[in-house]
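Read the figures in this text as sums done on the coordinates, not as results from a lab. These numbers come from a predicted model, not from an experiment.
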Amino acid sequence: MPRMRLYTLLFALLVSLTACNFQSNVQLNIDENSTTATVTMQESEVQTLFTTLLSNQSNPLLETPGVDLRPGEVFVRGIIVTERGDRVPGSMSVYISASNGGLSVRIDNVDFGNLTVQSAEIDRINASIAEGLQRSAANNNSGAQITNVTITDTTLSFTITAPRRR
């Protein structure tokens, strides 16, 4: 997915999270050239977001996903159901960062017991996260850029800067 679409989608997602009664803290800074929004989500909101992205679909990637925010990462645990129907509990780390005005999502430390998770499955999880962002947003060419992502043990914050239209 092109970087422009992804950060535009993230911006729309953050706005929609706020509109959907998430208790996110939104700080706005508007100057003559740009609008900067920093949206901070509590761990429970990140839990809801990841549950929606990973398990609320016809072919869920994880059953009963749980989220634990740690400095610099989102630790996700859940159950993978294999093609044979075996239920395998495990975990993975999701790293989210700002990169060249866009969003970078990387999955690492995948541990589902003896189950080997192929890179194709990791790509599928990454794609699901990106598709979830896309579903949450309308087409928008705002020129917004993600300038910062911060993950602490209690919050996930995104800072997005968009040029003001004249």
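For SER44 and ARG165 in one chain, what is 0.36 nm times their gap in residues minus the Cα-Cα distance, to one decimal in nm?
40.1 nm
Run the numbers for THR154 and ASN114: contour at 0.36 nm per residue of separation, minus the present Cα-Cα distance, in nm.
Extending this stretch completely gives an extra 11.3 nm.
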